[in-house]
Amino acid sequence: MSRRTRFLLLSTAAVVVVVVAIRFGTDLGTWFVRWWEIDACLDAGGGWDRETDACYGAQY
């Protein structure tokens, strides 16, 4: 395998790793924010409506 081919393969692999890490990080971040909102709502005595993604009846 030539140096150029090895460089291209490693560069491509690095780009794929970065893209997957960013994608996974944004999805995971969104999930944590949603979990945090649901948890705060339930801790405040409210209920979480799954259809509207809204908290109801909470006393903040």
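Annotations for the structure displayed:
- Built amide H within the under 5 Å cut-off of Gly46, gap 5+: Gln59
- Between 0 and 90 degrees, the angle of helix 3-43 with respect to the longest Cα principal axis of the chain falls at about 0 degrees.
- The chain: equivalent-ellipsoid semi-axes (sqrt of 5 x gyration tensor eigenvalues, Cα, Å): 46, 9, 5
- Relative packing of peptides 15-25, 37-47 - highest average C-beta neighbours within 10 Å first: 37-47, 15-25
Throughout, read-outs are computed from the coordinates displayed, never taken from laboratory work. Remember, predicted model here, so these are calculated numbers, not experimental data. Virtual Cβ from ideal backbone geometry, glycine too; neighbours counted across all protein chains shown.
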